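No value in this document is a laboratory result; all are computed from the given coordinates. Because the structure is predicted, anything quoted here is derived from the model rather than measured. No Cβ is skipped: glycine too gets one built from the backbone with ideal geometry, and neighbour counts run over all protein chains shown.
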Amino acid sequence: MGERMWIEQNQKGRLLHRCIVSLVLFTWSIASLSPGLCAVINEGTDPFDVYAVDGSGEQLLHITVRPNGNRVQVLQEDVLAMPGKPHGIARHPAKSSCIVTLLGKGAESPRAVTLVRSNEGKLSIAGVTDLQDSTGYTSFDRTGGYFLTSSYHDGHFDVYQVKPDGVVGDRVSHQQVAEKYAHSVLTTPVNKFLYVPCVKEFNAIYQYSFDEKTGDIQPLEPIDAKPPHMFGPRHIAYHPSLPYVYFSNEQQLGVSAYRITKDGQLAALQHATTIPRRSPYTAGVRGMHASDIAMTHDGKFLFLALRDFVGDEDSVFMFRIAEDGRLSLVSRKRVGDIPWCLRVSPSDSYLLVTESREKTFAVLPIQQDGSLGDAVRMDWGAEVRNMVIQPLSEK
């Protein structure tokens, strides 16, 4: 039956004041909750599912969040065993399905597992495909007709066809961009271009055209948008309605904003900072590194996670996005150890954070000014780094 968490808040005017956290623990052996959520909750918030990758347990975790008026119910549902060690996960943009990538072992090829969802939200395996090369970050193009992967360790990205049943088919494009550290790949909202940022010594943002009918990719000229030296662009967030794109900078500890021109070239707008590094970046030495980036669906606020592997500066920074695409820092929120993955709830009411070293899942309310309220944390007993959100209304 899992465990249930009720968060009750009273409403006064537009703002919801102090909340009373009532914890009800059931028999799920690896979960525990800590109190402390004070939030502005929209009464119209829709429920949603969270599917999180547990590589150490070779399984997928399923959590349901159900806002109901001035209450929010969070349910730990079930787990789905995977036929290998899962690493990446991407949600189909139009169907109730997702694809999980499995790391290869020894001579074994990496694989892509297509999962379909029932009306009750439960996932089942629809098919497994051997992939031709190593993978890391994964995504769909905007039609869902193609599945994209980038390889951090081998410096390339691939485009695979997706069959009508959602199962991954043949590879249609392959591109080597660097020796290694190709960190992510994501098509633009209009689906005509894609960018591949590289971190650390291979600091770059590679620019390509994308054909949504064939999956073909072609390098733009110049191919590299040339971010400042050792910024380390890592993950990507597109503005939902304006031609702007944002990159989290792993080494610079900030966010870079670019304007997307008509021909797909990136024009630098701003390089926003958070806090200064303690020391210059040194290859092979872990210190402070930015990780994920996420934007509210209305395009008003941007969130950046900062990981501190040797101290206690782990935080999420909140930025306001202006009409011209530029950023202004709103506030900083300290979070649990090594925040790896950020996701915004469908109604823009919550920021979800995987605190990977602490093996906790944090739910933080997004206030009207973009700042974050106090978190409720669930110990899900896994070093989760990747997750996706699925609105229950899309079943």
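Taking the square root of 5 times each eigenvalue of the Cα gyration tensor, what semi-axes in Å does the equivalent ellipsoid of segment 129-189 have, largest first?
Working: eigenvalues 77, 33, 14 Å².
Over the Cα atoms of segment 129-189, the semi-axes work out to 20, 13, 8 Å.
Here the residues K226, K163, ranked from fewest to most Cβ neighbours within 10 Å of their Cβ, fall in the order K226, K163. Summing Cβ point charges (Lys, Arg +1; Asp, Glu -1) relative to the Cα centre of segment 347-387 gives a dipole of roughly 180 debye. Just to be sure I understand: with springs between alpha-carbon atoms less than 10 Å apart, which residue in S109, S371, S256 has the highest mean-square fluctuation in the Gaussian network model of the chain? Of S109, S371, S256, the most mobile in the Gaussian network model is S109. Dipole orientation for segment 247-395: of the candidates S315, S256, L352, S256 has the Cα lying most toward the positive pole (charges on Cβ; Lys, Arg +1; Asp, Glu -1).
For the chain, what is the convex hull volume of its Cα atoms per residue in Å³?
Values: hull volume 52.1 nm³, N = 395.
Cα-based convex hull of the chain, divided per residue, equals 132 Å³.
From the alpha carbon centroid of segment 250-307 to that of segment 133-169 is 24 Å. Given in Å, the Rg to one decimal and the Dmax to the nearest whole number for the Cα atoms of segment 197-283 are 13.9, 47. Taken about its Cα centre, the chain carries a charge dipole of about 680 debye when Lys and Arg each add +1 at the Cβ and Asp and Glu each add -1 at the Cβ.
Under the convention that each Lys and Arg Cβ holds +1 and each Asp and Glu Cβ holds -1, the size of the dipole of segment 296-395 around its Cα centre is about 120 debye.
For segment 243-342, the Kirkwood radius over C-alpha pairs fed into Stokes-Einstein at 4 °C and 1.567 mPa s yields D = 92 µm² per second. When the C-alpha to C-alpha distance is required to be over 18 Å, the pairs from K213/K262; K200/K226; K300/K359; K192/K262 that qualify are K213/K262; K300/K359. Extents of segment 275-314, largest first, come to 38, 20, 15 Å (Cα atoms, principal axes, whole angstrom).
When T149, T282, T138 are sorted by how many other C-beta atoms sit within 10 angstrom of their C-beta, beginning with the fewest, the order is T282, T138, T149.
For segment 267-395, the C-alpha radius of gyration divided by 2.2 N^0.38 Å, with N the number of residues, is 1.08. Protection proxy ranking of 376-389, 239-252, by the mean of other Cβ atoms within 10 Å over each peptide's residues and highest first, is 239-252, 376-389.
Rg ratio for segment 150-218: its Cα radius of gyration over 2.2 N^0.38 Å, N being its residue count, equals 1.13.
How much length is gained if the chain between E120 and R326 is pulled fully straight, taking 0.36 nm per residue apart and subtracting their Cα-Cα distance, in nm to one decimal?
Numbers: separation 206, 0.36 × 206 = 74.16 nm, distance 4.17 nm.
This chain segment gains 70.0 nm when fully extended.
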